[in-house]
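One structure is given below, encoded as structure tokens.
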Ligand SMILES: NC(=O)c1ccc[n+]([C@@H]2O[C@H](COP(=O)([O-])OP(=O)(O)OC[C@H]3O[C@@H](n4cnc5c(N)ncnc54)[C@H](O)[C@@H]3O)[C@@H](O)[C@H]2O)c1
């Protein structure tokens, strides 16, 4: 009997990519992980270290070094390439824009030349802009490119709501909408506790949130982590690996991701953080909520920010 192996490629094994690769094994998600990075010795060392952990993983996993061409028959490729040191100059992921667009525009065609037909999961920042660029340069159907978007930011929000209410996250719905960046916001109108809208708890102090503070903490959480480590690892690697698992297991789970919009929320031809159904075909459906005017305006502002950065990225790429 021939059993189909679950093969995942990871491009860029810095802080994030290495942790994603580890989680893909430790969480029992992949059978084979192909590691690709421009730093040759880093790849050799990470492959050695990861294979040293295989005996303690829930199933047998093979970690191998790969070039771009060797990723052609992966089911999923995770893009975690970049240069995190660029963020030491200020609290905005836009500082990575120029480097990220150049790297991604260079290597995606090399991967596609091998005939890759799987799904790209993008982590690299600015996440929505780079997800859009991967979709454009790969020529894959847009639903087969998905960014982690506000998945990580939403887990920061969920942690704050859990801490205040004492409730486990599985009992409530809460997420960040919009840009994976400083423009994102809490979709308070969509928060519910086992189907009961937040507004129904107005008389209960446990559910009276300092909305500005929770939103600030969800947006700034990454910078708190960055300040002492000059990177973020566990949260994003758990989010990234979970997104890969959702695809490989065809879970049809609704999670917030950077998804291509085709008229939802009044937006076209853009990747932005929204709840979506994720399965074996990638982004299978965007879930659209009817937002109140102030949240709809915030969402439009996020899209303006992303569009402006896409334009800047195109300018950088087309400058001779
Ligand atoms: N979306 C999110 O929520 C989120 C969270 C954390 C980090 N990130 C982003 O993930 C990216 C990686 O972060 P990090 O901390 O691991 O950075 P890092 O600098 O530690 O590692 C980046 C790795 O990418 C490699 N690389 C660069 N260009 C490459 C190319 N063309 N091909 C293959 N490999 C290449 C580098 O050699 C390096 O090993 C950054 O863009 C960062 O901002 C996103």
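The values are calculated or read from the model by the stated rules, or taken from the named source; none is laboratory data. Fair warning: this is a prediction, and the values are worked out from it, not measured in the lab. Note that we place each Cβ from the backbone using ideal geometry, even for glycine, and neighbour counts take in every protein chain shown.
Test of understanding: among 108, 146, 121, 101, which residue is surrounded by 20 or more Cβ atoms within 10 Å (Cβ to Cβ), touching a strand residue (DSSP E or B) at 6+ places or on another chain (Cβ under 7 Å) and more than 20 Å from residue 264 (Cβ to Cβ)?
On inspection, the qualifying residue turns out to be 121.
Among what's in the range 22-44 and is away from the ligand (no atom under 11 Å from the Cβ) and part of a helix (DSSP H, G or I), pick the residue that is surrounded by the most Cβ atoms within 10 Å (Cβ to Cβ).
Ranking the qualifying residues of the range 22-44, first place goes to 24.
I need every pair where a residue in the range 79-104 that is more than 18 Å from residue 310 (Cα to Cα) and not assigned by TED's automatic domain parsing to the domain that holds residue 221 has its Cβ under 6 Å from the Cβ of a residue that is more than 8 Å from the ligand (Cβ to nearest atom) and at pLDDT below 95, sequence separation at least 6 or different chains.
Sorted first by the residue in the range 79-104, then by its partner, the pairs are 86/95; 87/95; 89/95; 91/223.
For residue 16, which of the numbered conditions (1) assigned to a helix (DSSP H, G or I); (2) farther than 14 Å from residue 82 by Cβ; (3) in contact (Cβ under 8 Å) with a residue 40 or more places away in the chain fails to hold?
Here residue 16 meets the rest and fails (2).
What is the one condition in (1) within 16 Å of the ligand (Cβ to nearest atom); (2) assigned by TED's automatic domain parsing to the domain that holds residue 278; (3) in contact with a strand residue (DSSP E or B) (Cβ under 8 Å, 6 or more places away or on another chain) that residue 134 does not satisfy?
Result: residue 134 passes all but (2).
Taking the range 193-214 as the region of interest, how many residues are surrounded by 11 or more Cβ atoms within 10 Å (Cβ to Cβ) and touching a residue at least 40 places away in the same chain (Cβ under 8 Å)?
3
With respect to the numbered conditions (1) within 16 Å of the ligand (Cβ to nearest atom); (2) assigned to a helix (DSSP H, G or I), which one is the sole condition not fulfilled by residue 206?
So the condition that residue 206 fails would be (1).
Here are some conditions: (1) in contact (Cβ under 8 Å) with a residue 60 or more places away in the chain; (2) in contact with a helix residue (DSSP H, G or I) (Cβ under 6 Å, 6 or more places away or on another chain); (3) not in a loop (DSSP other than H, G, I, E, B). Residue 219 meets all but one. Which one does it not meet?
(2)
Could you grab me the full set of residues in the range 47-75 that are touching a strand residue (DSSP E or B) at 6+ places or on another chain (Cβ under 7 Å), under 21 Å from residue 111 (Cα atoms) and within 16 Å of the ligand (Cβ to nearest atom)?
47, 63, 64, 65, 66, 67, 68, 70, 71, 74
Under 9 Å between Cβ atoms, which residue pairs at least 6 apart in sequence (or on different chains) link something in the range 228-239 that is within 16 Å of residue 10 (Cβ to Cβ) and not assigned by TED's automatic domain parsing to the domain that holds residue 77 with a partner that is in a loop (DSSP other than H, G, I, E, B) and more than 7 Å from the ligand (Cβ to nearest atom)?
238/27
Go through the range 80-167 and tell me which helices (runs of 4 or more DSSP H), entirely inside it, have 2 or more residues that are touching a helix residue (DSSP H, G or I) at 6+ places or on another chain (Cβ under 6 Å) and over 26 Å from residue 43 (Cβ atoms).
In the range 80-167, 127-138, 151-165 are the helices (runs of 4 or more DSSP H) which contain 2 or more residues that are touching a helix residue (DSSP H, G or I) at 6+ places or on another chain (Cβ under 6 Å) and over 26 Å from residue 43 (Cβ atoms).
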